[in-house]
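Peer 1: Sharing a structure, written as structure tokens. Questions coming.
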Amino acid sequence: MTQRLSLLTVHAHPDDEASKGAPTLARYSREGVHTVLVCATGGEEGDLNNPALKEPGQPFHGLDAEATKALLATMRPDELAASARVIGFSEVEMLGYRDSGMPESPANSQHESFHMADVDEATGRLVRLIRKHQPQVMITYGDDQRGYPHPDHLKVHEISVLAFDRAGDDDWYPEHGAAWQPLKLYYSVWSRARLTAVHEALIRLRGFSPYDEKWFERPNLDHRITTRLHIADYLWARSGALRAHRTQVDERELFWFGLSDDELASTYPYEDWVLARSLVPAQRRDGELEDDLFLGVRSAARA
């Protein structure tokens, strides 16, 4: 029998799924792949980043900081659901932890925070979902987070790598179902080539770019890229999902919407990935980039 193709991606907060990989997941969803979003936290420590919502007649008008934070926490689950519908996820699963906030913030030490979670226990929660949805391909954050060392992003990487191995081992978490071994593990990556292309296009077309020198001081990881997907036809998933997170994203901000979907497609019509682990035979020659996350998996699924 043909095994259904399944892809599971792990994120830290609501809105991460919109800014990292939305076109790729939309592409596979529309190809009939079972796509699963796992979100580790509820994003409770997020800030209100859309000043338009503070204007008269808007939900945050006149609220103090405490009331703003409380209302924000109630809105983010609905924004995540709306974003997931835009992208086309088959399932959304929550790990059930609280947002840890930025490094060394008071939220880091809260008992319910993801940062404080026991690694084995958190890995077990993810293993349960892997065994439930049986993905051949997993996506998580990379092992080099120097550009944005958020505690929750670091923890997502840590438990994802462990879960990739432990999900296929009957000795780990037998209470979470029969073992299932994913075949490929990918890391998301901020491509320097994409950053440069978008920066130059913004200057050319808008006369200004929000990407200052600090962005270009971040580590350049392009030499690690193994996989490049052409997603020009799916950039609507990125813009639509970002707009669904209206508390987090200001539509007037060049950082997010400085280029239209068509302009971005002309500028850099790709998403880049790092193949971190693979249990299928190599399908590419040295130096050759993959163009499919399921390369080498599709034939195995039909076997």
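All of the numbers you see were taken from the coordinates with simple rules; none came from a lab. Quick caveat: nothing in here was measured; it's all calculated off a predicted structure. No Cβ is skipped: glycine too gets one built from the backbone with ideal geometry, and neighbour counts run over all protein chains shown.
Peer 1: Sequence-distant or interchain residues sharing an amide H contact under 5 Å with Tyr270, placed H: which?
Peer 2: Long-range HN contacts for Tyr270: Ile231.
Peer 1: Also: Once you charge only the Cβ atoms, +1 for Lys and Arg and -1 for Asp and Glu, what is the size of the charge dipole of the range 117-230 about its Cα centre, to the nearest 20 debye?
Peer 2: Details: 16 positive and 17 negative charges, 148 e Å.
Here the range 117-230 has a charge dipole of around 700 debye.
Peer 1: Quick check: from the Cα gyration tensor, does the range 71-132 come out rounded (a/c under 1.5), prolate or oblate? Let's see the in-between values first.
Peer 2: Working: a/c = 3.00, a/b = 1.20, b/c = 2.51.
Since a/c reaches 1.5 but b/c is at least a/b, the shape of the range 71-132 is classed as oblate.
Peer 1: Starting at the first residue of the range 94-110, write each ³J(HN,Hα) from the Karplus equation 6.51 cos²θ - 1.76 cosθ + 1.60 with θ = phi - 60°, in whole Hz, x for Gly and Pro.
Peer 2: So the J values, rounded to whole Hz, are 9, 6, x, 9, 8, 3, 8, x, 6, x, 6, 7, x, 5, 4, 8, 5.
Peer 1: So for the chain, what percent of the C-alpha to C-alpha distances run longer than 37 Å?
Peer 2: Working: 6221 of 45753 pairs.
More than 37 Å apart: 14 percent of the Cα pairs in the chain.
Peer 1: Just in the range 181-257: which GluC sites (Glu not before Pro) are loop by DSSP and have at most 11 other Cβ atoms within 10 Å? Mind showing how you got there, number by number?
Peer 2: Working: sites: Glu200, Glu213, Glu217, Glu251, Glu253; in loops: Glu217, Glu251, Glu253.
Counting only loop positions with at most 11 other Cβ atoms within 10 Å, the GluC sites (Glu not before Pro) in the range 181-257 are Glu217.
Peer 1: Another question, then. By count of other Cβ within 10 Å, fewest leading, how are Leu162, Leu25 ordered?
Peer 2: Working: Leu162 18, Leu25 28.
By the 10 Å Cβ count, ascending, the order reads Leu162, Leu25.
Peer 1: OK, next. Explain nothing, just compute: Karplus ³J(HN,Hα) = 6.51 cos²θ - 1.76 cosθ + 1.60, θ = phi - 60°, for every residue of the range 23-34 in order, whole Hz, x for Gly and Pro.
Peer 2: x, 4, 5, 5, 4, 5, 4, 6, 8, x, 6, 6
Peer 1: Let me ask something else about it. Among Arg243, Arg98, rank each residue by its count of other Cβ atoms within 10 Å, from fewest to most, as a rough exposure measure. Numbers along the way, then the final one.
Peer 2: On the way: Arg243 17, Arg98 22.
Placing the least packed residue first, the sequence is Arg243, Arg98.
Peer 1: Which ³J(HN,Hα) values, rounded to whole Hz and listed in residue order, are derived for the range 64-74 from phi using the Karplus coefficients 6.51, -1.76 and 1.60 in 6.51 cos²θ - 1.76 cosθ + 1.60 with θ = phi - 60°, glycine and proline given as x?
Peer 2: My calculation for the range 64-74 gives 7, 4, 5, 5, 4, 4, 5, 5, 4, 4, 6 Hz in order.
Peer 1: Let me test this: with uniform point scatterers at the alpha carbons of the range 1-143, what is the Debye-based log₁₀ I(q)/I(0) at q = 0.10, 0.12, 0.14, 0.22 1/Å?
Peer 2: -0.40, -0.56, -0.73, -1.37
Peer 1: Right, next: Between Leu254, Leu242, Leu183, which gets the highest mean-square fluctuation from a Gaussian network model of the chain, Cα cutoff 10 Å?
Peer 2: Maximum fluctuation in the GNM of the chain, among the listed residues, is at Leu254.
Peer 1: Follow-up. Amide H neighbours of Arg98 under 5 Å, at least 5 residues apart or on other chains, H built in the peptide plane: list them.
Peer 2: Counting only residues 5 or more places away or on other chains, the set is Ser113, Phe114.
Peer 1: So who's got an amide H within less than 5 Å of the one on Glu93, skipping anything under 5 residues away but keeping other chains? H placed 1.01 Å off N, in plane.
Peer 2: Under 5 Å from the amide H of Glu93: Leu37, Val38, Cys39.
Peer 1: Quick one: compute the contact order of the chain, relative version, from alpha carbon pairs under 8 angstrom and 6+ residues apart, as a percent. Could you put the intermediate results ahead of the total?
Peer 2: Details: 545 pairs, mean separation 73.1, N = 303.
Relative contact order for the chain comes out at 24 percent.
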